[in-house]
Every structure is written in C-alpha cells, then in structure tokens.
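Report on the following structure.
The values are calculated or read from the model by the stated rules, or taken from the named source; none is laboratory data. Worth saying up front: this structure is predicted, and the values here are computed from it rather than measured. Heads up, the Cβs are rebuilt from the backbone with ideal geometry, glycines too, and the neighbour counts pull from every protein chain shown.
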Amino acid sequence: MPDPTIPVAYAAAQLTLSGTKQNLYTLLSAIIPNVGAGQTVLLQADPGNEGLVILVGDSDISTTRYGYAMGAGDSRVYPPSGFQSVPISNIWVMCSTGAAPLLNVEVVA
C-alpha cells in the first residue's frame, strides 16, 4: 500500500467531465493515490473534443465566470512553485455546454 503522505512521482489520467462544476483534486484523488502538493499538474483538453470547451476556474466557476477556456488540444501547466503555482484543490473544471468532454491530466513530482 502506498504511503499517503508521499506524493506519487508520476501519474496520468483521462477524466470525463460534465456540465456541472467539478473539483480537480476530488476527481484526481479518486483515481490517483497520493496526489498532492509540490507537484506539477499538466492539463490538456483532449484533441477529440471537437466543438466542446472546457472551462477552468475557481470554486465559483460557471459558464459566465471562469479563468480560461480550453478548446480541443489546448493545454496548461501548473508548476509546483512560483508565481503560477496553484494548489490542485483550488482548480475547478466544467464543460461550457453540459456535454462530457475528456480532460487529460498528468501529475509529476
């Protein structure tokens, strides 16, 4: 059994989103053991999401209030420290249309 206090060195997952807001940490921790702080998080809207837009923001995310939008193939990296560092638990995602796009995620220690 992995030690829950030690983050994984590398993990990848493909998440199916919904039209309602979802917390990225909650989604990831359900399938990747030991996901946590101090890790680089890479997000990519799956290239097959033609016509679907993934919205990314904080806990108040909605179709009219979000940080940025990712079309098919778009990506974003969150480094573990520095100006762009954001805890995974503060990132929320949703689809702009209520469809079920795929979000590819990599977590690297």
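How many residues are surrounded by 14 or more Cβ atoms within 10 Å (Cβ to Cβ) and assigned to a strand (DSSP E or B) if we restrict to the range 70-109?
Total meeting the criteria: 14.
Being under 26 Å from Ala109 (Cβ atoms) and hydrophobic (A, V, I, L, M, F, W, C) is the filter; apply it to the range 59-77 and report the residue that is modelled with the highest pLDDT.
If we take residues in the range 59-77 being under 26 Å from Ala109 (Cβ atoms) and hydrophobic (A, V, I, L, M, F, W, C), then Met70 is modelled with the highest pLDDT.
What tally of residues in the range 23-45 results from selecting those that are surrounded by fewer than 19 Cβ atoms within 10 Å (Cβ to Cβ) and within 12 Å of the chain's Cα centre (by Cα)?
Of the residues in the range 23-45, 6 are surrounded by fewer than 19 Cβ atoms within 10 Å (Cβ to Cβ) and within 12 Å of the chain's Cα centre (by Cα).
Checking Val53 against (1) at pLDDT 95 or above; (2) among the β-branched types (Val, Ile, Thr); (3) within 10 Å of the chain's Cα centre (by Cα): exactly one of these is not met. Which one?
Checking Val53 against (1) at pLDDT 95 or above; (2) among the β-branched types (Val, Ile, Thr); (3) within 10 Å of the chain's Cα centre (by Cα), the one that fails is (3).
If a residue must be within 16 Å of Leu17 (Cβ to Cβ), free of Cβ contacts under 8 Å to residues at least 24 places away in the same chain and charged (D, E, K, R), how many such residues does the range 45-68 contain?
The total comes to 1.
Which residue pairs have Cβ atoms closer than 7 Å, lie 6 or more positions apart in sequence or on different chains, and pair a first residue in the range 78-102 that is modelled with pLDDT of 85 or more with a second residue that is part of a helix (DSSP H, G or I)?
Listed by first residue and then by second, the contacts come to Ser89/Tyr25; Ile91/Leu24; Trp92/Leu24; Val93/Leu24.
Evaluate the following for Leu42: is it touching a residue at least 40 places away in the same chain (Cβ under 8 Å), under 15 Å from Val108 (Cα atoms) and of a type in the set (A, V, I, L, M)?
yes
Does any residue of the range 49-58 turn out to be under 12 Å from Val107 (Cα atoms) and crowded, with 16+ Cβ neighbours inside 10 Å?
no
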